[in-house]
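Here's the structure we're looking at; comments come further down.
The values are calculated or read from the model by the stated rules, or taken from the named source; none is laboratory data. The shown structure was predicted, so the numbers you read here are calculated from the model rather than taken from an experiment. Note that we place each Cβ from the backbone using ideal geometry, even for glycine, and neighbour counts take in every protein chain shown. The accessibility values were calculated without ligands, DNA or RNA, using every heavy atom of the protein model including side chains. Shrake-Rupley method; radii C 1.70, N 1.55, O 1.52, S 1.80 Å.
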Amino acid sequence: MSLTTANNRADLKNAYRFGMFVLAVAFAVTSLGARMFYLQVVLGQHAYQGGANSQLTGVQSIPAARGLIFDATGAPLVQNVEDNSVMVTPIDLPPSKEQLVAQRLGSILNLDPVYIQTLIDSSTGSLYVPVRIADGIADQVARFIEENVDALPGVRILRTQKREYLTKDLFSDVLGYEGRITKTQYDQLKALGYSDQDIVGQAGLENYYETDLRGTYGTQTVALDATGKPIPGLVTQGAPPISGDSLTLNIDSHEQQLATQALAWGMKAAKVTKGVIIVENPQNGKILAMVSLPSYDDQLFADGISQTDFQALLTSPNQPLLNKAVGAQYAPGSTFKLITGTAGLQDGKINDTSTLLSQPFIQIGDFRYWEWNRKGWGPLNIYQAVAYSSDTFFYQLADKVGLKDLTYWSDQYGFGKSTGIDLPETATGIVPTNAWKQATQETPMYEGEIMQAGIGQGYDAVTPLQLLNAYCALANGGNLWQPQVVKSITDGATGAVTNIQPVLLNKLPASAQTLETMRLATRQVVTSRHTYGLTDLKIAVAGKTGTAEFGVYDKKGRLPYHEWFVGYTPANPYVDDFTKPDSQLAVLTFLYGANTWGNVSTEVVKLYMMMHYKLIKRQIQALNKRTPGYIPSWVYKTTNFYGNANRN
C-alpha cells in the first residue's frame with residue numbers, strides 16, 4: 001500500500017486525514033516499553049589513507065542478547081523474543097517536516113505528537129544516531145510504517161528483542177522490568193559504553209544486575225558517504241557481541257506460589273490492601289520466597305506500557321510498583337522486644353529467672369504508658385514477658401538498658417542500615433538516637449520515648465527484610481547473614497557457573513546462653529497460645545507477634561495498627577527443640593493496617609507452613625476445625641481492640 005498514489009491520499013500535508021486513514025487499520029499498539037537492541041553510529045570519522053580514494057567510516061555497536069533468569073530448579077522465568085521498535089534518525093528528517101511526521105506517527109502509535117517531537121529534539125547524541133520513539137510495535141503496524149516510508153522521512157523499523165516474563169506477576173517485584181535509560185543512569189553508565197537511547201533495568205534484579213545481564217556489545221565498521229550516511233553493503237565485521245550473564249535464583253517457583261497464595265488469602269480475609277511475606281534460610285541468608293502485594297504485571301512494561309497505565313500504577317495508594325519487603329519501613333511493634341530482651345540479658349540488667357512487675361501502666365510525670373491489656377500480669381520473667389508480650393515489662397527493661405545500649409544492639413541486629421540484599425533497597429529504617437532526634441526535631445530523646453523504643457513504637461522503623469534477618473540471626477546462633485536472591489551467575493561467554501557464597505555481615509556479640517534464652521522465649525509465645533492454635537500444628541514453631549500503632553486517633557482515642565509475625569522452625573520441625581541454633585526456615589508476614597481481632601499475619605505464616613510442610617493437601621483444609629491448628633474465622637474479623645481490656 002502506498003500513500004503517494006491516488007488523488008487526496010497523495011496529499012501528504014494533510015496530517016489529520018492521514019491519521020484517520022491509519023486509525024482505520026485494526027492493530028494493537030503499545031509504546032514506551034523497554035527493549036534492548038539499538039544500532040548506533042559512533043562519531044569520530046576514520047579515514048582509510050589512500051589519497052583521493054580515502055574512505056570515511058563509522059563504527060556501529062551491535063547489542064548482545066540479554067542474559068536470562070531462572071528459578072532455583074532451573075525453570076526459566078524470562079526469555080528474549082523478537083520485537084519491533086520505531087526509530088527516527090534526525091539527519092534524515094527535514095526540520096520543516098518534523099511536526100508533520102510527529103503528527104502522523106502519533107496517529108499511528110496512539111502517542112502525543114508533542115511527546116514524539118520532544119524525544120527527537122532532546123536527544124543528546126549525533127544527528128546520525130537513531131532516536132527510539134516506541135517499542136513493542138505489532139507486526140502489522142511495523143509493516144504499515146515500512147510500506148509508507150516516503151510519507152515518514154527519517155522513520156524506520158528496527159528489529160529488536162524484548163523480554164517475555166513467563167510467570168506474569170508472581171516474580172515481578174523480584175525480577176523488575178526494563179525501561180528507557182534516564183539521564184542519571186546515562187551519566188553513570190556512559191563510561192561503560194551505554195547510549196542515551198539504551199534500554200536498561202529499572203527495577204528488581206533487572207536493575208541490580210544490569211551490567212551483568214547486558215553482555216558485551218559487538219562492533220562493525222561501515223563506510224560513510226560524503227554526507228556521513230552509511231553506505232549499504234560496505235560493512236566490515238569487528239568484535240562479535242557476547243551474550244549477557246544469566247542468573248539462577250534461590251527462589252523456587254513453587255515456594256513463591258505458596259507464599260503468594262498464603263498472603264493473598266490473609267489480605268482478602270482481613271480486607272487489607274498491602275502486605276508482605278518473606279521466607280529465608282537462617283543458615284546462609286538465602287531468600288526462598290519474597291512477595292509484596294499488590295504487585296504488577298511486568299509484561300506490561302516489556303510490551304510497552306501506556307502512559308495512562310503507568311501513571312495509574314505510579315499513583316496508586318497501594319504502591320504496586322514498590323517492593324515493600326525492602327522499599328518500605330514501618331514500626332516493628334512487639335517484634336522489636338527481641339532487641340530489648342537481648343540487651344537486658346547480655347548487659348546483665350536481668351537474667352532468665354529475675355522478674356519485673358507487669359502492671360496496668362508505667363507513669364512518667366503526667367504521662368501513663370499502658371500495658372496493652374490495661375491490667376498487667378504481675379511479676380514476669382523474660383520467658384513470660386515475651387510470651388505475653390508485656391509492654392510494661394519491656395518499658396522498664398528499656399529504661400534499665402538505656403538509649404545507648406538499645407541503639408548498640410539495634411545496630412548489631414542490622415537495623416538502621418542496608419541489609420546488602422541483591423535488590424534495589426530504597427529504605428533502611430530508623431533507629432532513634434539523641435543525635436537523630438536533635439537533627440530532626442531539635443530535642444533529645446525523652447525517657448518515655450526511650451521506653452516506647454523498647455517495644456518497637458515511637459520513632460522505630462524497620463523494613464520487613466531487616467526484621468526477618470534479625471530473627472534469622474537469633475535462630476542460627478548469632479550470625480547476621482547478607483540476604484541473597486541470586487544463587488549463581490552463568491557466564492554468557494564461557495558458560496562457567498559462579499556460585500554466590502554466603503556473606504557474614506556480623507557476628508552478634510551475645511553469648512550462646514542469651515540467644516538460647518530468647519529462642520526459648522519465642523517458643524513460649526506459641527506454646528502459651530498467644531498465637532492461638534499455632535501450637536497445635538504437627539510441627540514446632542517459635543516466633544513473635546507484633547502490633548504496631550500508626551496514623552490518626554479515632555473518636556474513641558484508638559489508633560489503627562499493623563500486624564507482624566516472624567516464625568521459624570528447628571532443622572527437624574517435628575522435634576520441639578529450640579536449644580540448637582539449627583533452623584533452616586524462617587518466615588515473616590506483615591499486614592498494613594489490619595485492625596483485626598486476632599493477628600492475621602500469624603495465620604498467614606501458619607497457612608504457608610501448613611502447605612510447605614504438606615500438613616494439608618488443599619488450602620481450604622486450613623479452615624476446617626478438624627485440621628490440627630486450623631484457622632478460626634473470628635481471627636480475621638475487623639475491629640480495633642488494641643489497648644482494650646475486653647478483647648472478646
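Annotations
- Scanning the range 83-96 for residues that are at pLDDT 90 or above and open to solvent by 40 Å² or more (accessible area, probe 1.4 Å) returns Pro94, Pro95, Ser96.
- Residues in the range 275-299 that are of a type in the set (Asp, Glu) and either assigned to a loop (DSSP other than H, G, I, E, B) or over 29 Å from Thr602 (Cα atoms) (or both): Asp297, Asp298.
- Screening Lys437 against (1) among the basic types (Lys, Arg); (2) open to solvent by less than 20 Å² (accessible area, probe 1.4 Å); (3) closer than 19 Å to Ala325 by Cα leaves a single unmet condition, (3).
- Where Val525 falls short, out of the listed (1) out of contact with any Phe, Trp or Tyr (no Cβ under 7 Å at 6 or more places or on another chain); (2) open to solvent by 10 Å² or more (accessible area, probe 1.4 Å): (2)
- With respect to the conditions (1) open to solvent by 20 Å² or more (accessible area, probe 1.4 Å); (2) in contact with a strand residue (DSSP E or B) (Cβ under 7 Å, 6 or more places away or on another chain), Gly154 falls short on a single one, namely (1).
- Complete set of residues in the range 157-168 that are surrounded by fewer than 18 Cβ atoms within 10 Å (Cβ to Cβ) and modelled with pLDDT of 90 or more: Glu164, Leu166
- Qualifying residue in the range 581-588 (condition: assigned to a loop (DSSP other than H, G, I, E, B), open to solvent by 10 Å² or more (accessible area, probe 1.4 Å) and under 22 Å from Val635 (Cβ atoms)): no
- Answer residue from the range 402-432, given it is over 18 Å from Leu474 (Cα atoms), open to solvent by less than 20 Å² (accessible area, probe 1.4 Å) and in contact (Cβ under 8 Å) with a residue 60 or more places away in the chain and is farthest from the chain's Cα centre (by Cα) among those: Gly429
- Flag for Val272 being closer than 30 Å to Asp121 by Cα, in contact (Cβ under 8 Å) with a residue 12 or more places away in the chain and over 15 Å from the mean Cα position of the chain (by Cα): no
- Gln261 vs. criteria assigned to a helix (DSSP H, G or I) and either touching a residue at least 24 places away in the same chain (Cβ under 8 Å) or within 30 Å of Ile91 (Cβ to Cβ) (or both): yes
- Flag if Thr440 is β-branched (Val, Ile, Thr) and touching a Gly at 6+ places or on another chain (Cβ under 8 Å): no
- Residues within the range 534-544 that are open to solvent by 10 Å² or more (accessible area, probe 1.4 Å) and either in a strand (DSSP E or B) or among the small types (Gly, Ala, Ser) (or both), tallied: 0
- For the range 475-505, the set of residues classified as in contact with an Asp or Glu (Cβ under 9 Å, 6 or more places away or on another chain) and of a type outside the set (A, V, I, L, M) consists of Asn476, Gly477, Trp481, Gln482, Pro483, Gln484, Thr490, Asp491, Gly492, Thr498, listed by residue number.
- Considering the range 479-491, and only residues there that are open to solvent by less than 30 Å² (accessible area, probe 1.4 Å) and part of a loop (DSSP other than H, G, I, E, B), the residue that is nearest to Ile242 (Cα to Cα) turns out to be Val485.
- Selection count where residues are under 22 Å from Lys162 (Cα atoms) and surrounded by 15 or more Cβ atoms within 10 Å (Cβ to Cβ), scope the range 205-233: 14
- When Val200, Val222, Val235 are checked against the criterion of being part of a strand (DSSP E or B) and closer than 30 Å to Phe70 by Cβ, Val200 stands alone in meeting it.
- Here the condition is being touching a Lys or Arg at 6+ places or on another chain (Cβ under 8 Å) and surrounded by fewer than 21 Cβ atoms within 10 Å (Cβ to Cβ); of Ala571, Ala496, Ala512, it holds for Ala571 alone.
- When the residues of the range 433-477 are filtered to those that are free of Cβ contacts under 8 Å to residues at least 40 places away in the same chain and of a type in the set (D, E, K, R), the one that is farthest from Ala586 (Cα to Cα) is Glu442.
- So Gln202, is it touching an Asp or Glu at 6+ places or on another chain (Cβ under 9 Å) and open to solvent by 20 Å² or more (accessible area, probe 1.4 Å): yes
- Residues in the range 499-509 that are of a type in the set (A, V, I, L, M, F, W, C) and either open to solvent by less than 30 Å² (accessible area, probe 1.4 Å) or not in a loop (DSSP other than H, G, I, E, B) (or both): Leu504, Leu505, Leu508.
- If you filter the range 589-617 down to residues that are open to solvent by 10 Å² or more (accessible area, probe 1.4 Å), under 29 Å from the mean Cα position of the chain (by Cα) and not hydrophobic (A, V, I, L, M, F, W, C), you find that the one that is nearest to Val552 (Cα to Cα) is Gly593.
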